[in-house]
Amino acid sequence: MHPDFKILDSKVYGHQLVYLDNAATTQKPQCVIDTLTRYYETLNSNIHRGAHYLAAQATEQYEQVRRKVQQFINARYAHEIIFTRGTTESINLVASSFGWKYLHPGDEVIVSGMEHHSNIVPWQLACERAGAKLQVIPFSDEGVLDLHVYETLFNEHTRLVAVNHVSNTLGTINPVEELTRIAHAHSVPILVDGAQSIAHMPVDVQAIGCDFYCFSGHKMYGPMGVGVMYGREEILDTLPPYQGGGEMIKEVTFEKTTYNELPFKFEAGTPAVGDVLGLGTAIEYMEQQGIQQLADHEDRLLRYATEKMLEVEGLRIFGTAPNKVGVISFLLGASHPYDVGTLLDKLGIAVRTGHHCTQPIMDRYGIPGTVRASFALYTTTEEIDILVQALHRIAPMLM
Ligand code: PMP
């Protein structure tokens, strides 16, 4: 329970809800919900092209959020912030646009073995179109990327590296500064998938040095249907548009169209204005809580939960890297993750089961999937105790 999140008061099958599916999506604080309502009650209007009052107000607030995101991730310029529908669209944007421009037959793109399907399939599509191929960075049993092998994957055909900052399945925090330094030493740009990091640690894209950084609003206490693609100006300027339509053009004739400047070149059509404003409120909310405080809170929960969960008979944790966020993937004996998830659900505990859109990780461990508990700012040690008690209770049933 938390005063800012009414949904956490819900009862599920007569039990108090224990929401531990935050890596899939976080709940939204009341202030974010209020922003969405306020937008539609008082401000709804299409942005950028209207001469009237509401359009001007909506445009100003939308652009203010762009500046807020810029400051939040310490980008150099506001026009390096492109609003998208989420991480998936952000990565598809880069894979398509970068692929059209820079991928040719025989080229290579490096991804890691612990990527979400969203950071694999768009690159496979781009590679297929270009006649290029993927190279994969392996990881250890603990879930740590092998930087030595990573270095050996570079050659004169390498065009881009795409890795996640944090693995949604293993919880590993990857050394993105180091991965970037190595990529740049080979004059190769790097995209970082920040879907699982953005709400759990301070992110500074200039300190990382990456060329692209992608994330989703709904995993950072904001609305669904909105996200961000940050790209360095120098590289974005060289890329062709991803989608054609309104807003992204300067002039259109049937003979030739010229494109708008950044960021509009990559924002074709009417964006999710209310959701962008909601994202702005989510950032303010996180800043009020203190990003470092959130990270410290989740780190304490991770340590507490790891210790308690390992006391459950037959419980194995997948992802034991020294640097982790509050994500615990586990299996109970030989039981199927879905059975564990279903029993926990009946006790009011929401966890995720399955491959978590990371089938290559499951193949790496030779398992069908895991049960995943993931934490957020409102998660409490009492909730972890409830999870652990439930696991003690159900473990004997499944052995
Ligand atoms: N990358 C990672 C690491 C993720 O965890 C997710 C969501 N589970 C995504 C990408 C895709 O995010 P979205 O579905 O919000 O586009």
Could you work out which residue, out of Pro122, Pro29, Pro105, moves most in a Gaussian network model of the chain, that is, has the largest mean-square fluctuation with Cα springs under 10 Å?
Pro105
Rank Ala23, His48, Tyr230 by how far each Cα sits towards the positive end of the charge dipole of the chain (+1 on Lys, Arg Cβ; -1 on Asp, Glu Cβ) and give me just the farthest.
His48
Dividing the convex hull volume of the Cα atoms of the range 215-283 by its residue count, what figure in Å³ per residue is obtained?
92
Compute the Rg to Rh ratio over the range 313-377 from the alpha carbon atoms, using the Kirkwood formula for Rh, and round to two decimal places.
0.95
With +1 on each Lys and Arg Cβ and -1 on each Asp and Glu Cβ, and nothing else charged, work out how big the dipole of the range 297-399 is about its Cα centre, in Debye to the nearest 20.
200
Tell me the angle of helix 87-102 to the major Cα principal axis of the chain, expressed in degrees between 0 and 90 and rounded to the nearest ten.
50
With an 8 Å Cα cut-off and a minimum separation of 6 or more residues, compute the relative contact order for the range 135-175 in percent.
31
Hey, what did the range 11-81 get for relative contact order, percent, Cα under 8 Å, at least 6 apart?
14
Using only alpha-carbon positions, what ratio does the radius of gyration of the range 159-249 give when scaled by 2.2 N^0.38 Å?
1.16
Let me see the P(r) profile for the range 26-136: every Cα-Cα distance counted, bins of 10 Å, each bin given as a percent of all pairs.
12, 27, 29, 20, 11, 1
Once the dipole of the range 87-237 is set up from charges on Cβ (+1 Lys and Arg, -1 Asp and Glu), the residue from the list Trp123, Ile137, Val111 lying farthest towards its positive end is Trp123
List the GluC sites (Glu not before Pro) in the range 135-167 that DSSP assigns to loop (not H, G, I, E or B) and whose Cβ has at most 14 other Cβ atoms within 10 Å. Which are they?
Glu142, Glu156
Distance from the range 252-270 to the range 134-160 (C-alpha centre basis), Å:
37
Using θ = phi - 60° and the Karplus relation 6.51 cos²θ - 1.76 cosθ + 1.60, list the HN-Hα couplings for the range 32-49 in order, rounded to whole Hz, with x at every Gly or Pro.
6, 4, 5, 5, 5, 5, 4, 4, 6, 7, 10, 9, 3, 5, 7, 8, 6, 9
Which values, in whole Å and largest first, are the semi-axes of the equivalent ellipsoid of the chain obtained as the square root of 5 times each eigenvalue of the Cα gyration tensor?
36, 28, 17
Around Ile384, what is the net charge, scoring Lys/Arg as +1 and Asp/Glu as -1 over all other residues with Cβ under 11 Å from its Cβ?
-1
Rank Ser45, Ser374, Ser167 by mean-square fluctuation in a GNM of the chain with C-alpha springs under 10 angstrom and give only the top-ranked residue.
Ser45
Restricting to DSSP loop positions (anything but H, G, I, E, B) with no more than 13 other Cβ atoms inside 10 Å of their own Cβ, which chymotrypsin sites (Phe, Trp or Tyr not before Pro) remain in the range 257-325?
none
Over the chain, calculate the relative contact order: mean separation of alpha carbon pairs under 8 Å at least 6 apart, over the residue count, as a percent.
22
Round to a whole angstrom and tell me the spacing of the C-alpha centers of the range 347-379 and the range 206-238.
25
Taking a cut-off of 24 Å, what percent of all Cα-Cα pairs in the range 270-382 are separated by more than that?
38
Which residue, Val226, Val69, Val121, has the most motion in a Gaussian network model of the chain that connects Cα atoms within less than 10 Å?
Val121
At a 1.4 Å probe radius, carbon and sulfur cover how many percent of the accessible area of the chain?
53
Tell me, what is the per residue accessible area of the range 269-399 in Å², probe radius 1.4 Å?
42
About the Cα centre of the range 88-179, what is the dipole size in debye to 20, counting +1 per Lys and Arg Cβ and -1 per Asp and Glu Cβ, all else neutral?
440
Run the reach check for Lys250 against lysines, Cα to Cα strictly under 20 Å, same-chain hits fewer than 8 apart removed. What comes back?
Lys265
If I ignore ligands, DNA and RNA and count only protein heavy atoms, how much of Leu153 is accessible to a 1.4 Å probe, in Å² to the nearest 10?
30
How many percent of the alpha carbon pairs in the range 72-196 exceed a separation of 22 Å?
33
Say the dipole of the chain comes from +1 at the beta carbon of Lys and Arg and -1 at that of Asp and Glu; which of Thr84, Ile291, Ala162 then lies farthest toward its positive end?
Thr84
Tell me the trypsin sites (Lys or Arg not before Pro) within the range 234-303 that lie in a loop according to DSSP and have at most 16 other beta-carbon atoms within 10 Å.
Lys256
Rounded to whole angstrom, the alpha-carbon centroid of the range 1-62 lies from that of the range 79-112 at a distance of 29
If you place +1 on the Cβ of every Lys and Arg and -1 on the Cβ of every Asp and Glu, how big does the dipole about the Cα centre of the chain come out, in debye to the nearest 20?
560
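The values are calculated or read from the model by the stated rules, or taken from the named source; none is laboratory data. Every value quoted in this text rests on a predicted model; they were computed, and no experiment measured them. Cβ sites come from the backbone with ideal geometry, for glycine too, and all protein chains shown count toward neighbours. Areas reflect the complete protein model, heavy atoms only, side chains present, ligands, DNA and RNA absent. Shrake-Rupley method; radii C 1.70, N 1.55, O 1.52, S 1.80 Å.
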